[in-house]
1. Restricting attention to the alpha-carbon atoms of the protein assembly as shown, what are Rg (one decimal) and Dmax (integer), both in Å?
2. Averaged over peptide A:64-73, how many Cβ atoms belonging to another chain are found within 10 Å of each residue's Cβ?
3. P(r) for chain B, please, calculated from all Cα pair distances in 10 Å bins and given in %.
4. Calculate how steeply helix B:327-336 sits against the longest principal axis of the alpha-carbon atoms of chain B, using the helix alpha-carbon long axis, and give the answer as 0 to 90 degrees to the nearest 10.
5. Extension gain residue B:24-residue B:82, at 0.36 nm per residue separation less the Cα-Cα distance, in nm?
6. First obtain the Kirkwood hydrodynamic radius of the range B:96-236 from its Cα pairs, then insert it into the Stokes-Einstein equation at 20 °C and 1.002 mPa s, and state the resulting D in µm² per second as a whole number.
7. Tell me the angle of helix A:57-69 to the major Cα principal axis of chain A, expressed in degrees between 0 and 90 and rounded to the nearest ten.
8. Order the peptides A:79-88, B:298-307 from the highest to the lowest mean number of other Cβ atoms within 10 Å of their residues.
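Values quoted throughout were computed directly from the atomic coordinates according to the rules given, and no laboratory measurement underlies them. Note that the coordinates shown come from a computational prediction; the quantities given were computed from them, not determined experimentally. Counting neighbours? That spans all protein chains shown, and the Cβs are built from the backbone with ideal geometry, glycine included.
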């Protein structure tokens, strides 16, 4: 595994969501994946308190369909900035990786702000030459959400 | 400001954007005859444990003293006004201000100042300086079922009297056994804090705005439900009973947000177990001014509305489980955690609705008024949820407390 491949996975993930191709988002994960958003306040206090907690790809697809067809939320653009991508270890067939993220949003009047900054803690596996997340923990330093959370981080 | 109608079916929009009224609320409400949420006994189990919070805009500390009792005080040094406790929560033997090291015990008494008698005969405080004249400003503290409240009003009736019967009963039902905090969730909403208070008393928005509701039926207008008010309408308990409604599709046939085609691949998010003998499925208790206790299916939580300015508030969600919950129940509650909070399937819309309401009220400089006549013009409890009666009754209680003049 080369670090460049994990960087590329992160970039493709960001590009997919930034381009509002939400329906493709679950494809970055394995079927038995775990995706959670953990506010830093709770992580540091040894508490769960996840904003979102999904433990298989079906739950990710439900989130997508609910966001596309059911829920109502702020109309906005998103732009992710991913950096400090590092391969940090190996656990069985999974590569451990981490990265910093910053998610900026732009509202319907064209005003931008930093919506969230934090860290990705990942378990990445390769199947048929494709890298996917078996686990993506989003650690949100911005533990007070500006307004509300809709899209995945 | 003068209230336009004695039947409280009109709410002047200015109440959400008038800076002078916001200032007055700090005195008449948050420093007035109200009990304000400070924290949970479970957060401060041992002497020296502390948490910080706010009463209105005022930063406060809640801690447990060496004698095991709870004490709360304003988090502002009596010396030069710096914040004494800077961490959100923690444990300490006493509180020392970093600026000049004035030190306070766990009851808020000043116990030490540096250079009191000066150095080498220079400086020091005058001979009449007394520690006891420089304590931190204290609140009176009481707790009920492990939930801790404080008040600045010395002559307040007890917390239990302030709660009233319907509120106390919900505390008994939901907090009557040991709880464990599973996490905090916070969101910052650009709107006046009372927009959220209204939202909590708004029985019928749940199935319209929150379309996930109408599909999966956690909280539906057609369910058997009730409203119960206390403390002159300032507190309100909304409750729904019963199982999933077989006729839900019919009920929502005319509602634009109803999505009959939407199915979940992972229905465990909405699979709840019955928890109350009386069939209660969901209950939302709002206790004036800024406290919420809610059970939505099996999701348990407190919410604390923290005003930041006339145009902004923080909504803090404090989610809990029972200390004796089985692994299966813990798992179900964790799954249902996806329903509530800043990004919850059932809750994410509130912030958006409140922000677009506040923005337009601001743009019109508070002119005009809201129209609240669903369920008629009367005040008082009703045995259904197709009503805005808790909102009307709330504003009457608010006008009384604020000394607001009401048109005949």
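1. 25.2, 87
2. Mean partner-chain Cβ count within 10 Å for A:64-73: 6.
3. 4, 21, 30, 24, 13, 5, 2, 1, 0
4. 80
5. The span from residue B:24 to residue B:82 would gain 18.5 nm if fully extended.
6. 104
7. 20
8. B:298-307, A:79-88
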